[in-house]
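Visitor: One structure, pasted below without further comment.
The values are calculated or read from the model by the stated rules, or taken from the named source; none is laboratory data. Bear in mind the structure is a predicted one, so any value in this text is a computation, not a measurement. Please note: Cβ atoms are built from the backbone with ideal geometry, for glycine as well, and neighbour counts cover all protein chains shown. The protein model used for the area step is the full one, side chains on, heavy atoms only, and it has no ligands, DNA or RNA in it. Shrake-Rupley method; radii C 1.70, N 1.55, O 1.52, S 1.80 Å.
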Amino acid sequence: MARAWTLFTLILWVAELVLWGDGSDVLLLQTAEKGSPPAMILPLHLSAPNSSNFNFNHHRQLRGSHPNARMRLHDDLLRNGYYTTRLWIGTPPQRFALIVDTGSTVTYVPCSTCQHCGTHQDPSFQPDLSKTYHPVKCTSRCNCDNKKNQCTYERRYAEMSSSSGVLGEDVVSFGNQSDLAPQRAVFGCENVETGDLYSQHADGIMGLGRGELSIMDQLVEKKVVSDSFSLCYGGMDVGGGAMVLGGMSSPADMVFTHSDRHRSPYYNINLKEIHVAGKRLPLNTKVFNGKHGTVLDSGTTYAYLPQFAFLAFKHAIMKEAKSLKRIPGPDPNYNDICFSGAGIDVSQLSNKFPAVDMVFDNGHKLSLSPENYLFRHSKVRGAYCLGVFPNENDLTTLLGGIIVRNTLVMYDREHSKIGFWKTNCSELWQRLHISDAPPPVPPNVKGTNSSNSTSLEPSVAPSATLYNLHQDELQIAQITIVISFNISYLDMKPFITELAGLIAHELDVNASQVRKL
């Protein structure tokens, strides 16, 4: 949860949000009451900050023999524990916030008939309101409900949560900035959810794993995208990012490693060594090849190493961070390894914590910055905790989202390899001009089976349709935010950078665009 800032009477600080660009994005500031019209409509003109390491043209590179779905990511690891994207299902489209999960195969959302579902970000899916919905009828190839009418699914997870329901088929839309038109796809309509799935804010899961029900496998089977997808998670204080379903050209300096689909049902990589501060951990290379090997799981928050490897990693980090003070973790129920005295500036963490290199079997290595293995202490300012834990009795090495923050990860399933490229992921989606506006399905779409249905052409975004906006008619140079405090400027000064970051996060823009007047 974002820190609350109380407003007082003495005006001491003003923030300026400067917006550049071509007006390709629109921010809708809505009133609190659901269903009410927007109170203000602002076009966001986003800049191309100099901090980016981009050296190639995405608009040219992303074009290929197949279209792709370019989708924005939301949320972050510290506050949410996951990243989500927006998916629209049905005709007319119903919106859902789904956790992107490479460790799951089924995409599912709460159904209006759900008997045990929590309160989530969006309303449950209502099949009766969609003109194009069809239940997946019971066959010998699936598990069926008690009446033998409809196929069912059930998924259980390591943290003891579960999801179960029926399978349906409908039109799925990916956002109107995607080349990929809406497609028919099979998904899960939840009737029961338990554990974290019940209590989480996100609506459901978008399964990107390998399997017949995976959204990727379905799109590839239809031959509408290449057999590849990419994820780019934003950094420690920014979150967000981008996702591309389908192929894209890789940067010249992207680091690849082999991924054997026959090794395990998950996306694995051939990790051989870990180096801390340039020194190889004294481990047998086989330690990272136990059970499922080394697995990338975007739906897992942190990283988990086999016990022996974790101890070696922990001792190496503590040795290099000996100038920092060891403090208790934010949750007394866990024995987190935390340090204070590193400061609040993430870009300076490398001065206090060592670099970590993951070395693959082909000799290529992925260099990790401190934000790839640390998370902020939620109760002590300027303190950080180790985001790597022992995997108890499991010999699998599990690398969650924290490891790939600010890293473009390309899952090239067609060529059995996974690529890594360090970059600023919060800027990546801006350069791809990714939008989260839903593309309305044309009104003449008929409910047909996937076998004989055709691709639907994307339409104009509702924001332009409903409010008749034209981007060249509205120009906003800046937004000035006045915040009052009852403390002196000198006392407030150390917190201004953090406050600017919070403002940027809430407005979904770069922190560099928020300036103190």
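Visitor: Kindly list the number of the only condition in (1) in contact (Cβ under 8 Å) with a residue 12 or more places away in the chain; (2) not in a strand (DSSP E or B) that fails for S347.
Guide: Every listed condition holds for S347 apart from (1).
Visitor: Now, a different point. Just to be sure before I move on: is M248 open to solvent by 10 Å² or more (accessible area, probe 1.4 Å), more than 28 Å from L167 (Cβ to Cβ) and modelled with pLDDT of 90 or more in the structure I sent?
Guide: no
Visitor: Let me ask you something else. When the range 309-323 is examined, which residues are found to be open to solvent by 20 Å² or more (accessible area, probe 1.4 Å) and either in a loop (DSSP other than H, G, I, E, B) or of a type in the set (S, T, N, Q) (or both)?
Guide: Passing the criteria: K322, S323.
Visitor: Related question: Report, by residue number, each residue of the range 73-93 that is open to solvent by 30 Å² or more (accessible area, probe 1.4 Å) and either of a type in the set (S, T, N, Q) or at pLDDT below 95 (or both).
Guide: Those that are open to solvent by 30 Å² or more (accessible area, probe 1.4 Å) and either of a type in the set (S, T, N, Q) or at pLDDT below 95 (or both): D75, L78, R79, N80.
Visitor: Here's something else I'd like to know. Among the numbered criteria (1) under 25 Å from Y267 (Cβ atoms); (2) in a helix (DSSP H, G or I), which one does Y198 miss?
Guide: Only one criterion in (1) under 25 Å from Y267 (Cβ atoms); (2) in a helix (DSSP H, G or I) is unmet by Y198, namely (1).
Visitor: Looking at (1) in contact with a strand residue (DSSP E or B) (Cβ under 8 Å, 6 or more places away or on another chain); (2) in contact (Cβ under 8 Å) with a residue 60 or more places away in the chain, which one does S378 not meet, given that it meets all the others?
Guide: (1)
Visitor: For the range 259-279, enumerate the residues that are under 16 Å from D227 (Cβ atoms) and open to solvent by 80 Å² or more (accessible area, probe 1.4 Å).
Guide: Those that are under 16 Å from D227 (Cβ atoms) and open to solvent by 80 Å² or more (accessible area, probe 1.4 Å): R261, H262.
Visitor: Let me ask you something else. Determine which single condition L129 fails, assuming it passes every other condition in (1) in contact (Cβ under 8 Å) with a residue 40 or more places away in the chain; (2) open to solvent by 30 Å² or more (accessible area, probe 1.4 Å).
Guide: (1)
Visitor: I'd like to verify a number: residues in the range 221-232 that are closer than 16 Å to R261 by Cα and either out of contact with any helix residue (DSSP H, G or I) (no Cβ under 8 Å at 6 or more places or on another chain) or open to solvent by less than 10 Å² (accessible area, probe 1.4 Å) (or both), how many?
Guide: The total comes to 2.
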